[in-house]
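First the structure, which I've put down as structure tokens, then a few questions once you've had a look.
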Amino acid sequence: MEEYNVKLEERKKYFHYFRVWMIIAAIAVCGFGVMKVIHWNDKDATRNNSEAPSERVFDYADVLTDAEERDLAELIEKQEDYGKCDIILVTINQEVGYSDYDWEQNMMDLADDFYDERAYGYDQPHGDGVLILDNWYHMGQSDSQAGTWISTSGNMISGLSDYERERVLDAEDAGFEYSTKDGYARAIKKIAQYANEEQGGSKQLPWIVVLAIPVIVAIIYCMTNMKQKAGVDTTSATTYVPGGHPEMRAQRDDFIRKNVTKVKIETSSSSGSRGGGSHRSSGGFSHGGGGRRR
């Protein structure tokens, strides 16, 4: 019986000595399991649309060489797998309307209808995807209808915000100074980046980082608690109060006068891409997006 008690005491001392590291290990395992579940749900998405054509580059304006078309198609294939959304590039060279309203409406209709008629979408027909429609029509300095419209579908309607769409258009415009292919490639990579973030790709961390996060949190937690226990309070809130009982003193604020100041906030209108929000295409499907002339 005495030997049993000795062993029991030894076990208690053992667990008492290593309790901090056991807590750390338990939190680490739980945190690692939770994050693995998040990764499993977020990134196991596979393309489920067999109705859409395999083509992604349609150079009707004939501004790309055959080699450039192939390079862009290969780039899109990789970026689609990264962003989990369809990416389509269409170039045209046609009149769409001189006024801003006509230009915007016709470019939007052309882009949406092109996407709908071919049933693009990564997750399903008419699902997640982005179409870049680039118009090269330019009859002269006073009659330029060149510009780009970006049509979004599925979760990319919210996944590509106005700010992000501007960044895509900026990336495309920057490339026109050097090479059409470079401009399109930059825009495609930007779209895939934002799509990946929308799908939860930003949560993908190396397993060692995933494991380290809960461990660090647990160490900080344990060290904080140990420091708190090291110092025992020797005083209380009423230690130095006469009689040991606090007394509530009456306080009041006297309202003297009221002074109201009115300030006019100026708003400024900004020029740039048009669009934003969502709408229904002629085919009855939801789309977002916007664009700008150049």
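No lab work stands behind these numbers, since they all come straight from the coordinates. Worth saying up front: this structure is predicted, and the values here are computed from it rather than measured. Counting neighbours? That spans all protein chains shown, and the Cβs are built from the backbone with ideal geometry, glycine included.
GLU166 to SER179: extension gain in nm, 0.36 nm per residue of separation minus the Cα-Cα distance?
Working it through step by step, the gained length comes to 2.7 nm.
If I model a spin label at TYR101 and LYS78 as a point 7 Å from the Cα along the Cα→Cβ vector, what separation in nanometres do I get?
4.6
A further question on this structure: If amide hydrogens are placed 1.01 Å from N in the peptide plane, which non-local residues have theirs closer than 5 Å to the one on GLY127?
Residues meeting the criterion, in which the H sits 1.01 Å from N, are GLY121, TYR122.
Another question, if that's okay. Distance in nm between label sites at SER144 and THR65, each 7 Å beyond Cα in the beta-carbon direction?
2.6
From the square roots a ≥ b ≥ c of the eigenvalues of the alpha-carbon gyration tensor of the range 57-198, which class results: rounded (a/c under 1.5), prolate (a/b over b/c), or oblate?
Prolate shape, in that a/c is at least 1.5 and a/b is the bigger ratio.
With a cut-off of at most 13 other beta carbons within 10 Å, and DSSP calling the residue loop, which GluC sites (Glu not before Pro) in the range 104-192 qualify? Please list them.
GLU177
If you don't mind, there's one more thing I want to ask. Local charge sum around TYR98 (other residues, Cβ-Cβ under 13 Å, Lys/Arg +1, Asp/Glu -1)?
Neighbour charge sum, excluding TYR98 itself: -4.
In what order do HIS279, HIS287 fall by count of nearby beta-carbon atoms within 10 Å, going from fewest to most?
HIS279, HIS287
Can you tally the net charge around PRO125? Count Lys and Arg as +1, Asp and Glu as -1, for every other residue whose Cβ sits under 13 Å from the Cβ of PRO125.
-4
Given a Förster distance of 51 Å, report the FRET efficiency between ILE220 and SER286 from their Cβ-Cβ distance, rounded to the nearest 0.05.
Once rounded, the FRET efficiency stands at 0.65.
Follow-up. Give me the number: length gained by fully extending ARG293 to TYR137, i.e. 0.36 nm times residue separation minus the C-alpha to C-alpha distance, one decimal in nm.
Roughly 55.1 nm would be gained on extension.
Which one, GLN193, GLY97, ALA171, is farthest towards the positive end of the dipole of the range 57-198 when Lys and Arg carry +1 and Asp and Glu -1 on their Cβ?
GLN193
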